[in-house]
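For reference, the structure is listed below as structure tokens.
The values are calculated or read from the model by the stated rules, or taken from the named source; none is laboratory data. A quick note: this is a predicted structure, and the numbers were derived from the prediction, not measured. We place every Cβ from the backbone using ideal geometry, glycine too, and count neighbours over all the protein chains shown.
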Amino acid sequence: MKNFYIETQQTRRDIDALKIEFPEIADDLDLLRDTIEGSTNGRELLAEIVQRMQEAKAMLGLLRRQLTKRAQHWQAVERAMKGYADKLMETMCASKVELPAATVFRRNTRGKVIVTNLAEIPGSLCTLVRKPNLEKIGELLRNGLCVAGAELSNARPTLAVVPKIRETENGDEGSTVPEQVSEGS
């Protein structure tokens, strides 16, 4: 399997060497791009990296769906077994049974508080949560206004990958939607 870290580092070194060998191309962005494309494997490497990203994303989706189904199955099994054990203990009129693998208890739990009318609850029994409205604060800051206790940071660049053809789960071609990958991911 190709080591994309090593390949990327080598391509970056090749590009840096071109900039040193031909300093006159640094001022002309189009010429710099053409020289880099013609003298390095950057474009091909990028295509391989994007292909690998898409494969990884598809595999993650598949694994996520499979694991979710399996987890739901085992959660249902656990709930059913707990229910069977509870009913059996109740039928046996037992509050505690010692077994080689575990000790099983049936015990009363604390009652659960149910609020039937929030308006009637006294204020001293309520908690107020103060949360800044980041959207409004951001809008004010972007419009040049000062907001005490807040500042606007520079956005980090992101990488957008727009697949040419995206297949749906049933194999049909679907829409193309850009996926965002933050820098450093």
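Each residue in the range 116-125 was checked for being exposed (fewer than 10 other Cβ atoms within 10 Å of the Cβ) and in a loop (DSSP other than H, G, I, E, B), and 3 pass. The condition (being under 28 Å from Val162 (Cβ atoms) and not acidic (Asp, Glu)) is satisfied by just one residue among Gly83, Gly38, Gly123: Gly38. The set of residues from the range 1-38 being polar (S, T, N, Q) and surrounded by 13 or more Cβ atoms within 10 Å (Cβ to Cβ) comprises Thr8, Gln10, Thr11, Thr35.
Residues in the range 39-57 include at least one that is out of contact with any strand residue (DSSP E or B) (no Cβ under 7 Å at 6 or more places or on another chain), surrounded by fewer than 12 Cβ atoms within 10 Å (Cβ to Cβ) and among the polar types (S, T, N, Q).
Inside the range 5-23, can you point out the residues that are closer than 19 Å to Glu37 by Cβ, part of a helix (DSSP H, G or I) and of a type in the set (A, V, I, L, M, F, W, C)? Once the filter is applied, which keeps residues that are closer than 19 Å to Glu37 by Cβ, part of a helix (DSSP H, G or I) and of a type in the set (A, V, I, L, M, F, W, C), the range 5-23 yields Ile15, Ala17, Leu18, Ile20.
Taken together, Leu99, Leu18 contain a single residue that is over 28 Å from Pro163 (Cα atoms) and out of contact with any helix residue (DSSP H, G or I) (no Cβ under 7 Å at 6 or more places or on another chain), which is Leu99.
Considered as a group, the residues in the range 135-185 that are at pLDDT 85 or above and surrounded by 11 or more Cβ atoms within 10 Å (Cβ to Cβ) include one that is nearest to Leu46 (Cα to Cα), and that residue is Leu152. Each residue in the range 51-73 was checked for being basic (Lys, Arg) and under 14 Å from the mean Cα position of the chain (by Cα), and 2 pass.
Filtered by the rule that a residue be at pLDDT 90 or above, loosely packed, with under 10 Cβ neighbours inside 10 Å and over 39 Å from the mean Cα position of the chain (by Cα), the range 86-115 gives Thr91, Cys93, Glu98, Leu99, Pro100, Thr103. Given the condition in a helix (DSSP H, G or I) and without any contact (Cβ under 8 Å) to a residue 60 or more places away in the chain, answer yes or no: does some residue in the range 91-100 qualify? So far as the range 91-100 goes, yes, one or more of its residues are in a helix (DSSP H, G or I) and without any contact (Cβ under 8 Å) to a residue 60 or more places away in the chain.
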